[in-house]
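The values are calculated or read from the model by the stated rules, or taken from the named source; none is laboratory data. Source: prediction; values computed, not measured. We place every Cβ from the backbone using ideal geometry, glycine too, and count neighbours over all the protein chains shown.
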Amino acid sequence: MTDPIPMRRPIEFIDLGRQQRRIRDRLDAAVARVLDHGAYIMGPEVGELERRLSAFCGAKHTLSCANGTDALVLALMAKGLKPGEAVIVPSFTFCATAEAVAMLGGVPVFADVLEDTYNLDAESLKAAILTAREQGLALAGVITVDIFGQPCDYDAIEPVVRENGLWLVCDAAQAFGAVYRGRPVGTLGDLTTTSFFPAKPLGCYGDGGAVFTDDDETMAVLKSLRVHGQGSDKYDNVRIGMNGRLDTVQAAILIEKLAIFAEELEARAQVADRYDALLPPDLARPALLPGCTSAWAQYTLRSGSRDALMKRLKENGVPSAIYYAKPLHRQKAYQHYPVAGGALPVTDRLMETVFSLPMHPYLTDEDQRHVAGAFGAGVVAAQAAAE
């Protein structure tokens, strides 16, 4: 066995502390302003954040909300999803994507993903449509997931969606800030949703989310749904809604983080490029589609000797994580729902091989050389042991 490399200061998987130290004065001032004016719910910072998010991504309308799951539920409610209607979703994602469908009485139909980008496979989407129809389900729409920060291949997906008369919601919980061939995330699909969970590329210090749309009528419905379905005022409810508001303090924090977000996205891309250059060639790296950028929420590798490699990383003080060890179609809560063509072979392979390395804008060249060095001859040794 190869000896561990010399220990150094710990490397954080996601280092929010460095970012906070950079803008702590601005964060303190922003929170103090909220404490001073006392409008803790729907204060002026909420509207200001929504305007700045729209300006950043080019969406006509932004609706902030309490979290990324609420954002998905709001989008599905705005599209009028009815109980029993089917929505196609990838299985290789966090549960919130399918959960939002199921909690409204819809039927998630699980599709496979591409092995190199981890995003929805257009061919599996077609198979999922066929499966839903064979089972007599009324198809309503598709939720794509821009996993790990990269947008899906919408040039391949959108024609399938249109040809089948479906709507498209883009779950960009990990990808806000990315661009698909000149089209920023937030302007794709009928609606786009995102999350401001602290670990996301743009995260607050609690829960938060947003929905983006270019449609005026949809935005009016979303505003109503966010506050219990209210009409002219909160005591005139015209539809069933939810309590999905974003706290003013979180909006104030996000305004300050958004101010440095473009710079951080650039730094994330540089971190990904350094990983590409430094890591051993045996490791299967994430693929970036031509003409696209990624928000690089995660930097995810594939290896048949994953467990041995992760063990070696841990021995050398390098954290790693598995997203996702158990895909949705294999989880107890979702295993009774339909699966495209009866099997998702790529998703099943990925759950055995993927693992993610530390990724945040403040990783230094020294940090990444330490990560790469932690693999060292361990890649060859781990592969030999796996065989």
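With the condition kept exactly as written, say whether any residue in the range 201-210 is touching a strand residue (DSSP E or B) at 6+ places or on another chain (Cβ under 8 Å), touching a residue at least 40 places away in the same chain (Cβ under 8 Å), crowded, with 24+ Cβ neighbours inside 10 Å and over 25 Å from residue 256 (Cβ atoms). No: zero hits.
Being in contact with a Lys or Arg (Cβ under 9 Å, 6 or more places away or on another chain), aliphatic (A, V, I, L, M), modelled with pLDDT of 95 or more and buried (at least 24 other Cβ atoms within 10 Å of the Cβ) is a property that residue 63 has. Every test in (1) over 26 Å from residue 364 (Cβ atoms); (2) at pLDDT 95 or above is passed by residue 1 save one, and that test is (2). The set of residues in the range 154-173 being under 22 Å from residue 210 (Cα atoms) and touching a helix residue (DSSP H, G or I) at 6+ places or on another chain (Cβ under 7 Å) consists of 168, 169, 171, 173. Just one of (1) hydrophobic (A, V, I, L, M, F, W, C); (2) surrounded by fewer than 23 Cβ atoms within 10 Å (Cβ to Cβ); (3) touching a strand residue (DSSP E or B) at 6+ places or on another chain (Cβ under 6 Å) fails for residue 222. It is (2).
Among the residues of the range 225-247, the ones that are loosely packed, with under 14 Cβ neighbours inside 10 Å and either more than 19 Å from residue 76 (Cβ to Cβ) or in contact with a Lys or Arg (Cβ under 6 Å, 6 or more places away or on another chain) (or both) come to 6 in all. Do the conditions hold for residue 273, that is, is it free of Cβ contacts under 8 Å to residues at least 24 places away in the same chain and surrounded by fewer than 17 Cβ atoms within 10 Å (Cβ to Cβ)? Answer is yes for this residue.
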